[in-house]
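Written below as structure tokens is the structure these notes are about.
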Amino acid sequence: MRQGLRRQSRRGRRVGRTLPDEALMAVSSRSYDGNLGRLFTLTSDDIEIEVIEYGARLRSCLMPDAAGRLTDIVPGFDSPADYVERGGSMGAICGRYGNRIASGKLEVDGKPYQLSVNAPPHCLHGGFNHFGRHFWSGAAMHEQNAVRLTFVSPDGDEGWPGTLRCEVVYQLVGGRLLITMRATTDQATYVNLIFHGYWNLSGHDSGVINDHLLQVSAETYTPKNDQNVPSGEVRSVADSPFDFRTARPIGSMPYDVNFCLDQVAERSMRLSDPASGRALSISTNQPGVQLFTADNWSNVPGKGGAVYPARAGVALETQAYPNTPNIPAFNPAPLRPGMEYEHWMAIDFHP
């Protein structure tokens, strides 16, 4: 996975804003809005991303269209204060357990735990103060063209057992962004770190994503019960609104669903925008991906004066299946001392 990431730089004619040639591969950092953490900038070929310490969030991603015009394709905010006040999970690393745990209850080795119930009646993304609501400690990795961010969650945090030491590495090489999330624990616990970024390939301020084409390599999905968590059933996508085996427009239907990916570590999904010619594909070592179309947004004030209506971005969150600790059929397996959790997702940009 970590081999063959470099591709030949595209140095052809580009229109509009461009990145300087000396920045074809570089990582830098600066203070971000006073004492509210740092912002790291990674550049490689024609791609530039920004990562902030608050929530280990992806703040922006500049990508050229078919004509070479660079546009930011990640909805976000101008300042850390905006993320604190109204950022939710936008662009964040969420944990300890991304997605929902039913009733905020689980057992680890037969011992019951009551977690925070921040999305009644469930625990969502780990609790009220999930990892996307904390400042991580970031450091540039110049030789790898990457930034490494670390965070420690203490035993009992939001009701979760064990002290969890986490890191996430954003690495940009050629046209590939590799996001690697790792964790270790001193006590048996469950972990499902997720990257909760949103994409709008027409541009973060360009409106809705309904005309984006989506293809997901998934024959099945996990339907929800009337409590909005997976029932434990795995159902075929055939003859359903969840059939994205062949690329088609996302359309106007609200989506918040987990797909069961067919092949782990292979290209699992592709998102494209016919209007701009931009596309990205994602591969991962995780068994599932959550498709979420941000239907809960309502004219959210964003960066650069943008206003984000409902469906102004789409999230593709690679993950373990939601509520896995409570569903034996999903083969729950706690993280134990001496083990390392690792979740990677590779995003290949195709301008």
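The values are calculated or read from the model by the stated rules, or taken from the named source; none is laboratory data. Source: prediction; values computed, not measured. Neighbour counts are summed over all protein chains in view; Cβ atoms, including those assigned to glycine, are modelled from backbone coordinates with ideal geometry.
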| message | Restricting to the stretch 258-267, give me the number of residues that are buried (at least 21 other Cβ atoms within 10 Å of the Cβ) and in a strand (DSSP E or B). | response | 2
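Residues are listed down the side, and each one gets a yes or a no for (1) free of Cβ contacts under 8 Å to residues at least 60 places away in the same chain; (2) surrounded by fewer than 18 Cβ atoms within 10 Å (Cβ to Cβ):
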site	(1), (2)
R248	yes, yes
D256	yes, yes
R270	yes, no
P334	no, no
| query | Among the residues of the stretch 112-126, is there at least one that is within 19 Å of the chain's Cα centre (by Cα) and either aliphatic (A, V, I, L, M) or over 30 Å from R30 (Cβ atoms) (or both)? | reply | yes
| query | Of (1) at pLDDT below 95; (2) over 30 Å from V108 (Cα atoms); (3) not small (G, A, S), Q263 satisfies all except one. Which? | reply | (2)
| request: For residues that are hydrophobic (A, V, I, L, M, F, W, C) and not in a strand (DSSP E or B), scanning just the stretch 161-203, find the one that is surrounded by the fewest Cβ atoms within 10 Å (Cβ to Cβ). | output: A188
| Out of all the residues in the stretch 268-286, which are farther than 16 Å from S206 by Cβ and not in a strand (DSSP E or B)? | N285, Q286
| message | Any residue at all in the stretch 230-238 that's out of contact with any Ser or Thr (no Cβ under 8 Å at 6 or more places or on another chain), more than 14 Å from V314 (Cβ to Cβ), of a type in the set (A, V, I, L, M) and buried (at least 19 other Cβ atoms within 10 Å of the Cβ)? | response | no
| query | Within the stretch 40-101, which strands (runs of 3 or more DSSP E) (wholly inside it) include 3 or more residues that are over 18 Å from the mean Cα position of the chain (by Cα), surrounded by 20 or more Cβ atoms within 10 Å (Cβ to Cβ) and hydrophobic (A, V, I, L, M, F, W, C)? | reply | none
